[in-house]
Amino acid sequence: MSREEPKAAGPDCATGECAPQGDAKARREAALAAEKAAKAPKSGGSDGHVDRDAFDEPKCFDILLNYACQAKCLFCSQDFEWRKDKNLMPYRQAAETLYKAYQNGYRRMGFTGGEPTLRKDLPQLIAVARKVGYTYVRIQTNGIRLADFAYTKMLVDAGLTFVKFSIHGHDAATHDKLTMIPGSFDACLKAIENLKRLKVGIGVNIVLNQDNYRHLRAFYELFLLKLGLSNFVIIAPLYEGNMVLHVPEMGVRLSDVAPYVREAYTVFTAINFPKPPLLLHFTPCVLPGYEQQMLGWSAFNTMVVSPSGKQRDLDQTAMDHTVKPEACGKCVYNERCIGFDASYARYFGTSEVVALTAVPPRYDEGTRRPSHEGRSVLTDNETCVVEVLKERNGLTTDEFLARAEKYPICKDCKDENAVINAAETLIKMGWVSRKFQKGRYLWSLDESKIPQPARA
């Protein structure tokens, strides 16, 4: 009996987010309504609460290079049977695919899997992506190979600009147990150290499960406060692939997870950090007030192509994996929300779906402060400003932009507004000064005021 070929997958499969394509027919009407709502003008009033800025980026194209992976995470929504086949997209096909994607308007390229660093030609593919014209090239990884500085530098020299880690525990005991690879947590910490040294952007995804969700606060106390990272996604698991074999020991109810997510956010609000974690596979009824951080009920702006060459738009894929119980009809977000994750509903039902009769206040309503107050951790753009000014003070804006070209972390630095906005915040924080001299601005850094993140 032949096994069905793996179908095109959803976002960032190395994190356990992938799932085969489902039946969209029953949800098409809701999907079209959601698409219409997503294209509506942004609201700046009190009824608007969804911050679209996090999603209004150039479209991203993800290529799943393989299904192979060293990790054996029980909660992975990829079927481990897929790993037994080669499932390797040929180099030529990958190169042609990324070229065609660029021709079709994509400007952000992601390489994922499986584990993309298991491919020997990954440096060449990164180099091709940069040569084609992508200014942002990301890999999704378990981080193990990046503990090798020479290998990491080879990827960065090829043109890598961002690394998104899959880290699922706040300590070695938890993470290593989940990946079933002794030393994998320490490898991630070493990889992060290497990437910081090479000035590459870093993000961390965590997939929630029975072993880790109660430790979210400690997770961010390490990765935000101690290591100074600034890009995070909290992912509720999909109940597909390998996960279906381990629901009793790995599965979690969203209502049980929600209080720990709220607690984790206090780590960010305490230091007034402007980029708290994004949330994937959550809905407003589960975490009201956090809508502005939720992916999946809004736009991904991402296309994924599998090793077999099949393409899926992630917005469409998300719509194809949701259900809308009767309670949704009374919700204030019914016209906008694409629904509840169908794989979750198969195991836990939809009793947690409670219609919201009014748009809830933001989670930080009444506590928000000016962006510069109380902060010790920088965003990527702010880090870029600091790194460039460490080279030399008194730079003009043009000189700054030219120097920023060599730093992978400065992916937004070709946008002068992004640079100026980051520098303006640093001025208010007292870390940067600006003088207007002979018709131009000169920027300088006061390094003595910049706290250094502690090592883990």
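Worth a mention:
Rundown of residues vs (1) at pLDDT 55 or above; (2) more than 30 Å from His175 (Cβ to Cβ), yes/no style:
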position	(1), (2)
Ala34	no, yes
Asp56	no, yes
Phe61	yes, no
Tyr67	yes, no
Ser77	yes, no
Asn87	yes, no
Tyr99	yes, yes
Gly110	yes, no
Thr135	yes, yes
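- Scanning the range 80-97 for residues that are surrounded by fewer than 24 Cβ atoms within 10 Å (Cβ to Cβ) and either closer than 27 Å to Glu405 by Cα or among the β-branched types (Val, Ile, Thr) (or both) yields Ala95, Glu96, Thr97.
- Residue count for the range 95-144, restricted to those that are under 18 Å from Leu64 (Cα atoms) and not in a loop (DSSP other than H, G, I, E, B): 31
- Condition met for Val385 (surrounded by 13 or more Cβ atoms within 10 Å (Cβ to Cβ), more than 27 Å from Arg108 (Cβ to Cβ) and touching a helix residue (DSSP H, G or I) at 6+ places or on another chain (Cβ under 6 Å)): no
- Any hit, the range 137-149, residues being assigned by TED's automatic domain parsing to the domain that holds Lys275 and either farther than 29 Å from Pro277 by Cβ or at pLDDT below 95 (or both): no
- From the list Thr379, Thr396, the lone residue that is surrounded by 13 or more Cβ atoms within 10 Å (Cβ to Cβ) and either under 26 Å from Phe223 (Cβ atoms) or touching a helix residue (DSSP H, G or I) at 6+ places or on another chain (Cβ under 6 Å) (or both) is Thr379.
Yes/no per residue for (1) within 30 Å of the chain's Cα centre (by Cα); (2) at pLDDT below 90; (3) part of a strand (DSSP E or B):
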position: Lys390; (1), (2), (3): yes, no, no
position: Asp398; (1), (2), (3): no, yes, no
position: Ile420; (1), (2), (3): yes, yes, no
position: Leu426; (1), (2), (3): yes, no, no
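- Per-region count, the range 277-287, residues surrounded by fewer than 23 Cβ atoms within 10 Å (Cβ to Cβ) and closer than 17 Å to Asn205 by Cβ: 1
Here is a yes/no grid of residues against (1) farther than 30 Å from Ile202 by Cβ; (2) modelled with pLDDT of 90 or more; (3) aliphatic (A, V, I, L, M):
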residue	(1), (2), (3)
Gly289	no, yes, no
Pro307	no, no, no
Gln311	no, no, no
His321	no, no, no
Pro325	yes, yes, no
Cys331	yes, yes, no
Tyr344	no, yes, no
Val353	yes, yes, yes
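- From the list Glu240, Glu193, the lone residue that is of a type in the set (D, E, K, R) and buried (at least 21 other Cβ atoms within 10 Å of the Cβ) is Glu240.
The values are calculated or read from the model by the stated rules, or taken from the named source; none is laboratory data. Since we're looking at a predicted model, the values are computed, not measured. Note that we place each Cβ from the backbone using ideal geometry, even for glycine, and neighbour counts take in every protein chain shown.
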